[in-house]
Amino acid sequence: MTYSIIARCPKTGRFGVGSTTFSIACGRRNESVRPNVGISKSQAFYLRGVDPLVLNLLAQGYKPERIVQILNSDDPDFEYRQFAIIDRESNVIAHTGPKIGQWAGHIVGPYYATYGNGLAGPQTVQGIEAGFMKNPDAPLEYRLLEALEGGHNAGGQATKGRYRPERSAWIRVVDRLEYPEIDIRVDLHDDTIAEIRRVFEEFKRYETYYSNRSNNPADTISEEEFSSRLKSNNR
Amino acid sequence: MTYTILARCPQSGRFGLATASYSICVGLHCDGAARSNTGVSFTQGSFRDANNRFAMNLIAQGYSARQAMGELLANDPQSDFRHIGIIDREGKVVVHTGTRIAASSVHRVGDGYAVLGDMAAGEKVIDAIATAYDSMGSLDLEERLLGSLESGRDAGGIRGSKGRLPERSVALVVFGKRDFSDVDLRVDMHTAAVDELRRLYTDYKPHEAYYLQRALSPRNAIPSMEFADMLKKEEK
């Protein structure tokens, strides 16, 4: 059981993923996002080698539609897989195998896909989409966070009619550089969606400071000093 | 305000690092730091995320760790502010401690590993990390790295101007033979992040084989909720 959103920001071309699940440490899957290439995020009985394969194919010039055929032709368990792919041109495709179990499904939008399995129902993927579309002018990472919250508030994960907790979550955004701009994780928590908002908001307070410290260390105050200024500003 | 151990496992050839920091989300800076069949490199002091992949690309094209370090320094006008470790496929270890990072910044180089400490509570912290790593030669790399990090915490961890500062984030990363990680665990913001990493690792480890197996054989896989319940029963 997992629900995710992948997207390419229509204004900036940045790629981003937001994902949450019952499994531990879902954010370890950083092979799923490749700057200037695309995103392939597989879930439900996922083979970890699939996402790097898809991204290699995208980088060669394959389109997502053809890649799905290629994956299908080499996988006897294709009916158990769920994934979504988005490329540099915002071509999006999603696949939800019929044998994954209830409820599983996806929505494909013009530059994003929301999808999940072991969910309360279609309302979860609709809730992800609604959260994502709430502030379409916001930077991609804020939209991904609202998307996860939207999915959670719409019922999130459930089996046999019972809500199942999210235990890990992940938001990653890449721009043109090889390393991510945003990569925020909660690996194991009882209240994961609230926790990722807490970490996200704190990271945003530090983001510019961290960037200056890397690029212009001679003019940077110590983090201890910065933290205490933050605290006194918050009072 | 970070202490780190980078290592190449002499038995398996796997590469990994464990890092603990007063900064939040230190795992962000570990992106691309280790690469299968290539090496591991990390830049702290003033983090420079681009160095990770740059070092790995240089080693992949055939440079030694020493040559790669030379290029990292020549390529960076701020190299005086960096604290860098690089290990290559041969297990060669090279460390750079910039002259303009805090005076308390220190390092140790051992057999196939390096320890970096910035604003750690003196030499005893990195000594404790090195001693712990040396003492766990028979364990898997991830166990050695985690245990070493805990020894650093126990020896005093991170010290600021007014005394001890908490480890607020940690990352533990290991790459083996595949083009994705064997282990990649993080705590991004916590008041006792090293303790939290142990809790996370303990819960994660029994799932590791399950997560692989359910994908290889989905027809026979048991649901993840059931698996988690089984684990709980075994504990009792």
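So the values come out like this:
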item: Segments classed as strands (runs of 3 or more DSSP E), wholly inside segment B:1-76, with at least 3 members that are touching a residue at least 40 places away in the same chain (Cβ under 8 Å) and over 25 Å from A:N215 (Cβ atoms); result: B:2-8, B:15-21
item: Options A:R176, A:R213: the member that is at the interface with chain B (Cβ under 7 Å from one of its Cβ atoms) and either within 27 Å of B:F54 (Cα to Cα) or touching a strand residue (DSSP E or B) at 6+ places or on another chain (Cβ under 6 Å) (or both); result: A:R213
item: Counted residues, segment B:98-123 - those being assigned to a strand (DSSP E or B), touching a strand residue (DSSP E or B) at 6+ places or on another chain (Cβ under 7 Å) and surrounded by fewer than 17 Cβ atoms within 10 Å (Cβ to Cβ); result: 1
item: Enumeration of residues in segment A:66-86 that are under 21 Å from the mean Cα position of the chain (by Cα) and either more than 22 Å from A:P35 (Cβ to Cβ) or away from chain B (no Cβ under 13 Å) (or both); result: A:I67, A:V68, A:Y80, A:R81, A:Q82, A:A84, A:I85, A:I86
item: Which numbered condition A:I86 fails, given (1) out of contact with any Phe, Trp or Tyr (no Cβ under 8 Å at 6 or more places or on another chain); (2) buried (at least 19 other Cβ atoms within 10 Å of the Cβ); result: (1)
item: Members of segment B:176-197 found to be surrounded by 17 or more Cβ atoms within 10 Å (Cβ to Cβ), more than 7 Å from every other protein chain (Cβ to nearest Cβ) and over 21 Å from A:E31 (Cα atoms), listed by number; result: B:H190, B:A193, B:V194, B:E196, B:L197
item: Of all residues in segment B:51-79 being within 13 Å of chain A (Cβ to nearest Cβ) and under 23 Å from B:E90 (Cα atoms), the one that is surrounded by the fewest Cβ atoms within 10 Å (Cβ to Cβ); result: B:N57
item: Residues being under 16 Å from A:N234 (Cβ atoms), more than 9 Å from chain B (Cβ to nearest Cβ) and without any contact (Cβ under 8 Å) to a residue 24 or more places away in the chain - total across segment A:193-206; result: 2
item: Flag for B:E208 being more than 8 Å from chain A (Cβ to nearest Cβ) and either part of a strand (DSSP E or B) or in contact with a helix residue (DSSP H, G or I) (Cβ under 9 Å, 6 or more places away or on another chain) (or both); result: no
item: Those residues of segment B:199-227 which are crowded, with 18+ Cβ neighbours inside 10 Å, farther than 14 Å from B:S169 by Cβ and in contact with an Asp or Glu (Cβ under 9 Å, 6 or more places away or on another chain), in sequence order; result: B:Y201, B:Y204, B:A215, B:P218
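Residue by residue, here is whether (1) more than 26 Å from B:M225 (Cβ to Cβ); (2) at the interface with chain B (Cβ under 10 Å from one of its Cβ atoms); (3) part of a strand (DSSP E or B) holds:
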{"residue": "A:Q126", "(1), (2), (3)": "no, no, no"}
{"residue": "A:F132", "(1), (2), (3)": "yes, no, no"}
{"residue": "A:N135", "(1), (2), (3)": "yes, no, no"}
{"residue": "A:R143", "(1), (2), (3)": "yes, no, no"}
{"residue": "A:L148", "(1), (2), (3)": "no, no, no"}
{"residue": "A:A158", "(1), (2), (3)": "no, no, yes"}
{"residue": "A:E166", "(1), (2), (3)": "no, no, no"}
{"residue": "A:W170", "(1), (2), (3)": "no, yes, yes"}
{"residue": "A:R185", "(1), (2), (3)": "no, yes, yes"}
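Read-outs: derived from the displayed coordinates by stated rules, not from any lab. None of the values given here were measured: they were computed from a predicted structure. Note that each Cβ is placed from the backbone with ideal geometry, even for glycine, and that neighbours are counted across all protein chains shown.
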